[in-house]
Amino acid sequence: MKNEMQVEFDAKSVNEGFARVTVAAFLTQLDPTLDEIADVKTAVSEAVTNAIIHGYEGGEGKVCVSCRLNGNQAVITVEDEGVGMEDVKKAMEPFYTTKPELERSGMGFAFMEAFMDEMQVESASGIGTKVIMTKKIGAKEEKDRDGCGDSAH
């Protein structure tokens with residue numbers, strides 16, 4: 001199965017929930033588990049929040065969220081054309097934040113990595129940031145079928 005969708009919205013915190021629900025609804029065609037949906041929603045939430053708070057620093061702008069399905073794999077991309085990052089590696093370190101005054105934990109990228117199978121971040125200062133996250137839907141069921149997750153031993 002191949003399918004794609006893309007949405008663009010204003011970089012406003014009220015739109016973060018819209019992005020999460022939109023991606024989750026799109027993924028339902030793969031018959032995900034509730035845990036898989038929760039993982040994806042958390043990762044999308046973190047990526048969109050980063051775009052709004054850090055990418056646009058509370059100013060005007062657009063966030064683009066796309067989702068591409070290829071078989072049972074979902075590739076979710078969150079893009080902004082905000083301030084970008086000079087040092088992506090440093091920004092991805094746990095607890096690193098550029099906004100401590102907002103009580104940000106600096107765990108956004110760590111959460112995205114934990115909840116998704118793969119994650120890439122592309123960014124350039126003054127150009128914006130693109131977060132590409134991949135999640136295989138149904139991976140747990142495959143393990144269960146080949147006996148790895150079978151607790152009836």
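The values are calculated or read from the model by the stated rules, or taken from the named source; none is laboratory data. Here the structure is a predicted model, which is why all the values come from computation and not from measurement. Methodologically, a virtual Cβ is constructed for each residue, glycine included, from the backbone with ideal geometry; neighbour enumeration extends over all protein chains shown.
Inspection of the stretch 129-140 finds a residue satisfying the criterion of being among the charged types (D, E, K, R), closer than 15 Å to residue 32 by Cβ, modelled with pLDDT under 85 and more than 13 Å from the chain's Cα centre (by Cα).
When each of 8, 4, 46 is tested for being touching a Gly at 6+ places or on another chain (Cβ under 8 Å) and either in contact (Cβ under 8 Å) with a residue 60 or more places away in the chain or in a strand (DSSP E or B) (or both), the lone residue that passes is 46.
Of the numbered criteria (1) charged (D, E, K, R); (2) surrounded by fewer than 18 Cβ atoms within 10 Å (Cβ to Cβ); (3) within 22 Å of residue 122 (Cβ to Cβ); (4) in contact (Cβ under 8 Å) with a residue 40 or more places away in the chain, the one residue 57 fails is (4).
Looking for something among the hydroxyl-bearing types (Ser, Thr, Tyr) and either modelled with pLDDT of 90 or more or farther than 23 Å from residue 11 by Cα (or both) - is there at least one such residue anywhere in the stretch 86-96? No: the stretch 86-96 contains no residue that is among the hydroxyl-bearing types (Ser, Thr, Tyr) and either modelled with pLDDT of 90 or more or farther than 23 Å from residue 11 by Cα (or both). Looking only at residues in the stretch 61-89 that are in a loop (DSSP other than H, G, I, E, B) and within 10 Å of residue 129 (Cβ to Cβ), which one is farthest from the chain's Cα centre (by Cα)? The qualifying residue farthest from the chain's Cα centre (by Cα) is 83. If the condition is being closer than 15 Å to residue 5 by Cβ and in contact (Cβ under 8 Å) with a residue 60 or more places away in the chain, then the stretch 60-72 contributes 66, 67, 68, 69, 70. The condition (being closer than 22 Å to residue 39 by Cα, modelled with pLDDT under 95, more than 19 Å from the chain's Cα centre (by Cα) and part of a loop (DSSP other than H, G, I, E, B)) is satisfied by just one residue among 149, 126, 58: 149. Restricting attention to the stretch 22-43, the residues being free of Cβ contacts under 8 Å to residues at least 40 places away in the same chain and closer than 18 Å to residue 131 by Cα number 2. Does the stretch 31-38 contain at least one residue that is closer than 24 Å to residue 124 by Cβ and part of a helix (DSSP H, G or I)? The answer is no; no qualifying residue exists.
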